[in-house]
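Read through the structure below, which is laid out as structure tokens, and then see the notes.
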Amino acid sequence: MLEIDRETLSLLHEEACKYYPKECCGILLGEILADGERRAKMIRPATNSAPQNRQGDSFFITAEELMREEILSDQMGMEIIGFYHSHPDERAEISSKDQTYMIPGLSYPVFSVYRGCVTEIKSFEKTFQERTECVSEEEIKVREK
């Protein structure tokens with residue numbers, strides 16, 4: 001489950017709308033609780049480094065940027081708990097390409113953005129069941145700050 005406060009969720013909505021019709025992307029920082037629940041405390045927008053002509057349907061975060069964010073999260077006493085991105089003019093579903101790069105134990109919120117407005121958000125996680133990778137939608141719990 002992904003737990004996120006209203007203010008952080010609002011920032012994610014703004015980010016998704018601001019980059020429309022391109023995909024936005026970024027990193028969720030927070031903590032992973034003993035029961036495996038992920039609690040988002042901060043977003044770190046990332047540069048979409050996909051080729052210009054593919055930014056409407058793809059995103060890519062460079063290893064250098066990811067390393068900087070990993071160092072920053074350590075310094076802040078948090079950890080990377082997931083990665084978010086938007087789907088301009090598409091549903092908030094995880095694509096097969098997205099699934100390829102998912103890391104088990106992290107959250108992957110996807111925002112559907114139509115005409116510059118977020119219309120849907122879903123979050124996904126990758127787990128292993130009997131040695132088989134499974135990707136499923138996870139609950140998003142919105143809390144007051």
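The values are calculated or read from the model by the stated rules, or taken from the named source; none is laboratory data. Just so it is clear, the model here is predicted, and its values are computed rather than measured. Cβ sites come from the backbone with ideal geometry, for glycine too, and all protein chains shown count toward neighbours. Just so you know, the surface numbers come from the protein's heavy atoms only, side chains and all, with ligands and any DNA or RNA stripped out. Shrake-Rupley method; radii C 1.70, N 1.55, O 1.52, S 1.80 Å.
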**OP:** Can you tell me which residue among 80, 61, 32 is over 13 Å from residue 110 (Cα atoms), out of contact with any Phe, Trp or Tyr (no Cβ under 8 Å at 6 or more places or on another chain) and free of Cβ contacts under 8 Å to residues at least 60 places away in the same chain?
**Re:** 80
**OP:** Report yes if residue 98 is without any contact (Cβ under 8 Å) to a residue 60 or more places away in the chain and under 11 Å from the mean Cα position of the chain (by Cα), otherwise no.
**Re:** yes
**OP:** Answer yes or no: is there a residue in segment 65-73 that is touching a residue at least 60 places away in the same chain (Cβ under 8 Å) and either surrounded by 11 or more Cβ atoms within 10 Å (Cβ to Cβ) or in a helix (DSSP H, G or I) (or both).
**Re:** no
Original post:
When the residues of segment 106-145 are filtered to those that are over 18 Å from residue 42 (Cα atoms) and not in a strand (DSSP E or B), which remaining residue is most open to solvent (accessible area, probe 1.4 Å)?
Top reply: 131
Subject >> Any chance residue 23 is open to solvent by less than 70 Å² (accessible area, probe 1.4 Å) and over 19 Å from residue 145 (Cα atoms) >> reply: yes
**OP:** Kindly indicate whether any position in segment 86-99 is under 21 Å from residue 33 (Cβ atoms), aliphatic (A, V, I, L, M) and open to solvent by 20 Å² or more (accessible area, probe 1.4 Å).
**Re:** no
Original post:
Does segment 111-119 contain at least one residue that is within 15 Å of residue 11 (Cβ to Cβ) and out of contact with any Leu (no Cβ under 9 Å at 6 or more places or on another chain)?
Top reply: yes
Original post:
Given the structure, is residue 43 of a type in the set (Val, Ile, Thr) and either closer than 22 Å to residue 122 by Cα or not in a helix (DSSP H, G or I) (or both)?
Top reply: yes
Original post:
If you check residue 77 against the conditions, is it over 21 Å from residue 21 (Cα atoms), at pLDDT 95 or above and exposed (fewer than 12 other Cβ atoms within 10 Å of the Cβ)?
Top reply: yes
Original post:
Does residue 103 satisfy the criteria of being aliphatic (A, V, I, L, M) and either in a helix (DSSP H, G or I) or at pLDDT below 95 (or both)?
Top reply: yes
